[in-house]
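Report on one structure; see the data block that follows.
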Amino acid sequence: MHRAEKEGVEKFYLPAIDSECQDALLALEVRYPGKCIGMTGLHPCNVKENYQSELQFVEQELGRRPWVALGEIGLDFYWDRTFEGQQYDAFHRQIEWALHYDIPIVIHSRESMAESIGVVREHQKGLLKGIFHCFSGDARAAREIVDLGFYLGIGGVLTYKNSGLPDAIRDIGLEHLVLETDAPYLSPVPFRGKRNESSYLKYIVQKLAEVKSTPVEEVARVTTGNAQKIFGI
Ligand SMILES: [Zn+2]
């Protein structure tokens, strides 16, 4: 937290995974009031046999207090497709709740870009908003997401050698991008493979400035403004 704050990172949006992670997430909010801000939601990798009761938990949480976003929700077919149908069900239902409470969604999509875009499109009647977190699709997917009114979450992958991401977002304006770390995963170069932390956000800012031929300050200003817009602060 200290290192991140020294680098100008002021707010930390914490995505939910499932009911088991909830206490740790709430404890961070209590420890860093106004800085650590939790979300609620059921992560697609944690959609298992008990997903109905996990969804009930999310529904209760939504009614218990205000939340800044619903996430991470989405589809992940990378590990296995055992619960594919349940993942879809959980994704659809949580989107409906997000619409009901008028909060953004943070989408986790792995090996499921076209499918996730398809689900968002089904629900997008002009009111759904959110972020495709750690976006890793191609230029066409980037365009489709932006056309749906969604933001692309850009993280450490942008800095990787042979990453297709710089090309994929070449024609996407900064006004459609938000920055993230996905800590402890996906550390940017020069810390690739090591434990990621929020202070490393500056390497992503620097790389994006390079990709966009834009000053670092401008990248920081616009993407911070986008985050403020999407999270309503
Ligand atoms: Zn994720």
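Quick look at the numbers
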quantity	calculated
Whichever residue in the stretch 36-66 is assigned to a loop (DSSP other than H, G, I, E, B) and free of Cβ contacts under 8 Å to residues at least 40 places away in the same chain and, among such residues, is nearest to the ligand (Cβ to nearest atom)	K48
Selection from the stretch 67-92 of residues that are away from the ligand (no atom under 16 Å from the Cβ), crowded, with 16+ Cβ neighbours inside 10 Å and within 28 Å of I233 (Cα to Cα)	W67, V68
Any hit, the stretch 158-181, residues being on the phi > 0 side of the Ramachandran plot and either assigned to a helix (DSSP H, G or I) or modelled with pLDDT of 95 or more (or both)	no
V178, sole failed condition from (1) surrounded by fewer than 23 Cβ atoms within 10 Å (Cβ to Cβ); (2) under 18 Å from V222 (Cα atoms)	(1)
In the stretch 167-187, the residues that are under 19 Å from N226 (Cβ atoms) and away from the ligand (no atom under 16 Å from the Cβ)	A168, I169, R170, D171, I172, G173, L174, E175, H176, L177
Whichever residue in the stretch 95-117 is in a helix (DSSP H, G or I) and among the acidic types (D, E) and, among such residues, is farthest from the ligand (Cβ to nearest atom)	E96
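The values are calculated or read from the model by the stated rules, or taken from the named source; none is laboratory data. Here the structure is a predicted model, which is why all the values come from computation and not from measurement. Glycine also receives a Cβ, built like all others from the backbone with ideal geometry; neighbour counts cover every protein chain displayed.
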